[in-house]
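This report concerns only the one structure given below.
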Amino acid sequence: RRRRPGGRGIEATMRAAADAAQAKYKKPAQLLLCVLPDKLVDEYKEIKRVSDMELGIPSQVVAGTKAKIGYRVQRGGGPQYCANVAMKINTSWAASTCSSQTDS
């Protein structure tokens, strides 16, 4: 489990986000959107592990530099990258909805 110096770690951060969503909206989170400053393989693997195995909540990881968001990039967005991420979320959401309906 990776922990950045001075940070609380990926798992603790994701748990806190899921708990905050539960407290605010009075229902469990349906998706965790995680924005990383760059394409970081180890962090990506840990996010997927935590979301799948520990929390049971689907996640989508976005590289901030590719989406052109965050303090490290110039102004403007990465519209094609963002459109691809949105399509991926939509596809995953539809698949999970179909599987949960057939499992019932």
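Some observations on this one:
- Computed over protein heavy atoms with a 1.4 Å probe, the carbon and sulfur contribution to the accessible area of region 8-95 reaches 58%.
- Too-long pairs where the Cα-Cα distance tops 27 Å, listed order kept, from 48/68; 24/66; 45/66: 24/66
- Zero-based 10 Å bins, Cα pair distances in region 8-95, whole percents: 16, 43, 35, 5
- Surface accessible to a 1.4 Å probe, per residue, for the residues of region 8-95, Å²: 68
- Amide H within-cut-off set for residue 61, under 5 Å, with H built and near neighbours excluded: 34
- For region 8-95, the relative contact order comes to 23 percent (Cα pairs under 8 Å, sequence separation of at least 6).
The values are calculated or read from the model by the stated rules, or taken from the named source; none is laboratory data. None of the values given here were measured: they were computed from a predicted structure. The accessibility values were calculated without ligands, DNA or RNA, using every heavy atom of the protein model including side chains. Shrake-Rupley method; radii C 1.70, N 1.55, O 1.52, S 1.80 Å.
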